[in-house]
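These notes concern the structure reproduced below.
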Amino acid sequence: MEPLTENTIRSSFVNCTKGEARRLRLPLDFAELPWQDLDFLGWVDPGAPLRAHLVIPRPDGPLGITLRVPGVGRTSAFKSSICQVCLTAHASSGVSLLAAPLAGARGREGNTVGIYFCADLACSLYIRGKRRPKLRAGRHDETIGFAEKVARTMENLDAFVAKVVATADAPAAVDQ
């Protein structure tokens, strides 16, 4: 991923107000981010830990999405979960169900879409082996190559992002 400026990041968000984008806090290590190892930028807001943010590179410029992080709950140390983006297996506390308000009018009405995501949003580092999940069970090795893992991760993320932005101008469903 190409390095981004603070202004570029803040102006990329599609599912929050300009004021919310202006108030979000960038990652604490923003100046030292390993851009060469990132396929997208994801972080939990250090000033609002129940908010997370994604910025995905696109041909027409980066696209930002804000997400809601669940409150701290009890999880079992014996269960494991899998991120739906990078397919990394984690202890259950290593994956969170994140909810993104839909872009446009439907999001302002409170409609969201969710996805199970690495709790630290560091999928790029997991698929590169630069970060390891905390698992009690052994790690399963995949037979696909690195390029295929990156492509699969981005396809999964793109499918989620499409759900957030595709409905921006669609009319809300009417119950009868």
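The values are calculated or read from the model by the stated rules, or taken from the named source; none is laboratory data. Just so it is clear, the structure is predicted and the values come from calculations on it, not from any experiment. Counting neighbours? That spans all protein chains shown, and the Cβs are built from the backbone with ideal geometry, glycine included.
In the set (1) charged (D, E, K, R); (2) surrounded by 15 or more Cβ atoms within 10 Å (Cβ to Cβ); (3) modelled with pLDDT under 95, the condition left unmet by ASP45 is number (3).
When GLY145, GLY107 are checked against the criterion of being crowded, with 19+ Cβ neighbours inside 10 Å, farther than 16 Å from GLY42 by Cα and not basic (Lys, Arg), GLY107 stands alone in meeting it. Within segment 31-51, being outside any loop (DSSP other than H, G, I, E, B), more than 21 Å from ILE115 (Cα to Cα) and small (Gly, Ala, Ser) holds for one residue alone: ALA31. Here GLU20, GLU2 are screened, and the one residue that is over 29 Å from ARG152 (Cβ atoms) and touching a residue at least 24 places away in the same chain (Cβ under 8 Å) is GLU20.
Annotation note: of LEU67, LEU54, LEU97, LEU28, the sole residue that is surrounded by fewer than 16 Cβ atoms within 10 Å (Cβ to Cβ) and in a strand (DSSP E or B) is LEU97. State which residue is surrounded by the most Cβ atoms within 10 Å (Cβ to Cβ) when the search covers only segment 6-20 and only residues that are assigned to a loop (DSSP other than H, G, I, E, B) and among the hydroxyl-bearing types (Ser, Thr, Tyr). Of everything passing the filter in segment 6-20, SER12 is surrounded by the most Cβ atoms within 10 Å (Cβ to Cβ).
No other residue among LEU87, LEU135, LEU121 is at pLDDT 90 or above, in a loop (DSSP other than H, G, I, E, B), farther than 28 Å from ALA21 by Cα and not β-branched (Val, Ile, Thr) apart from LEU87.
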